[in-house]
Amino acid sequence: MLTKEKLFEIKIEPPNPDILRAAGRKWDGISKPIDGLGDFERIVARIAAIEGDIQPSIDKRVAVIFCADNGIVEEGISQAGSEITAAVARALGAGISTACTLGRSAKVDVVPVDIGIACDEAIEGVMDLKVRKGTRSFLKEPAMTEGEALLAIERGMELAFDLHKKGSRVLATGEMGIGNTTTSAAVLSALLHIDSDEIVGRGSGLDDEGLNRKRDVVRQGLLKYGDAAGAFDILCSLGGFDIAGLAGLCIGCATNHMPVVLDGLISTTAALVADMLVPGVRDYLIPSHEGREKGNVLALKALGLMPLIKGNMALGEGTGAIMLFPVLDVVMDYYLGGAKFDDYSIDEYKRFD
């Protein structure tokens, strides 16, 4: 059983620096201007360093979608009720959700996980890793106990280990849960010590009155737990089982030298929690899209990452992460098989930086 002591003792081995440099040299030998593919060259080099192989592979990829309910919904912060979480989870299990449809085109397997849906139903096609039937309203009490948060983190880690053993080369993060833009905004505001009004957004489409209510609820939560010390206490006080499970997944990926592609606000908040709990996780994170929620960009910046896709998306379910893979495939194919300068009988470009 995972304890706080065991969690904080986890050590992350950094990606291979020699492979990173070798991958950079390999890029420079391909017949194109230096850094001609910009950030995508660096991402492929990072993936090579993470995998410890100058010839990396992202052929076997899985999007893990953590589904969970949030007690804060009872405070009127969403235009939809908690029953929507279970409904979308059923669609994920049936393979008809947005993530599943995009995943088939992007050649990404989708694994939906019940880590905290507020129902007794065993949803067909959805992995049951339920910790509890939803968190508590953080306005009334901490969202999770320490034991519940640790269990969610542990189950995320174990799932990463299991998928790695089964041959997965890269994982993508996703989530589904009504109210989770509220929990993530609260957690992120506390982690970064930022005015929550700067982060709280409209989620799935709140009007002005709903947005003001959501901002007020987050402010109250931050005041209530203002003495929360460190990422773990903040997670327990204000977070969700999806955030905790995703944090565990990121830690598990880093432990197994496996890249993990982040989606939007909830995923990046979870990744920041993971890196604060276990330093070094950030070296294994691949950003996908900018998203519509300002907090997503702030979380990525705190992790030293820049989004690769703009897109103005706010769908969730890991869709932004899934949509990155076709672009990565194109760039990876070029990295592995692009013509060298020798093939053109022309001189290489020189790097001067």
Original post:
Which far-off residues, 5 or more places away or on another chain, put their amide H under 5 Å from the one on residue 308, with H placed in the peptide plane?
Top reply: 288, 289
Subject >> Nearest-0.05 FRET efficiency for residue 348 and residue 327, computed from C-beta distance (R0 30 Å) >> reply: 0.70
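How much of the DSSP bridge set in the chain is antiparallel, in percent, rounded to the nearest 5? Mind showing how you got there, number by number?
On the way: 1 of 22 bridges.
Taking every DSSP beta bridge with both residues in the chain, the antiparallel ones total about 5 percent.
Could you tell me the relative contact order of segment 61-327? Use alpha-carbon pairs under 8 Å, at least six residues apart, and round to a whole percent. Write down the numbers at each step before the final one.
Details: 610 pairs, mean separation 65.9, N = 267.
Dividing the mean separation by the residue count of segment 61-327 yields 25 percent.
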Original post:
Name the trypsin sites (Lys or Arg not before Pro) in segment 1-60 that are in a loop by DSSP and that have at most 12 other C-beta atoms within 10 Å, would you?
Top reply: 11
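Give me 225, 335, 349 ranked fewest to most by other Cβ atoms within 10 Å of their Cβ, as a rough exposure proxy.
Numbers: 225 18, 335 23, 349 15.
Going from least to most buried by this count: 349, 225, 335.
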**OP:** Compute the Cα gyration tensor for segment 61-327, then decide on rounded, prolate or oblate, letting a ≥ b ≥ c be the square roots of its eigenvalues: rounded whenever a/c is under 1.5, prolate when a/b is larger than b/c in the other cases, and oblate in all that remain.
**Re:** rounded
**OP:** Evaluate the distance, in nm, between pseudo-label points positioned 7 Å from the Cα of residue 146 and of residue 5 along their respective Cα→Cβ axes.
**Re:** 1.1
Original post:
Among 54, 72, 115, which one moves the most in a GNM of the chain with springs linking Cα atoms closer than 10 Å?
Top reply: 54
Original post:
Under a 5 Å amide H to amide H cut-off, with H placed in plane at 1.01 Å, what residues pair with residue 31 once short-range neighbours are removed?
Top reply: 339, 340, 341
Original post:
To the nearest 500 deg cm²/dmol, what mean residue ellipticity at 222 nm is calculated for the chain from DSSP H runs of n ≥ 4 alone, each contributing -39,500 (n - 2.57), summed and divided by the residues?
Top reply: -15000 deg cm²/dmol
**OP:** Mind ranking 204-210, 47-53, 147-153 by how tightly packed they are, going by the mean number of other C-beta atoms within 10 angstrom, highest first?
**Re:** 147-153, 47-53, 204-210
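Computed FRET efficiency, Cβ-Cβ of residue 13 and residue 216, R0 45 Å: what is it to the nearest 0.05? Working shown, then result.
Values: r = 44 Å, r/R0 = 0.98.
Calculated transfer efficiency: 0.55.
Can you sort 13, 41 from fewest to most other Cβ atoms within 10 Å of each residue's own Cβ?
Numbers: 13 11, 41 22.
By the 10 Å Cβ count, ascending, the order reads 13, 41.
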Original post:
R0 = 30 Å: FRET efficiency of residue 79 with residue 233, Cβ-based, nearest 0.05?
Top reply: 0.50
**OP:** Could you work out the Rg to Rh ratio of segment 1-125, with Rh taken as the Kirkwood radius (inverse of the mean 1/r over all Cα pairs)?
**Re:** 1.13
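Any read-out appearing in this document is the output of simple, stated calculations on the displayed coordinates, not a laboratory observation. All values reported here derive from a predicted model rather than from experimental measurement. Counting neighbours? That spans all protein chains shown, and the Cβs are built from the backbone with ideal geometry, glycine included.
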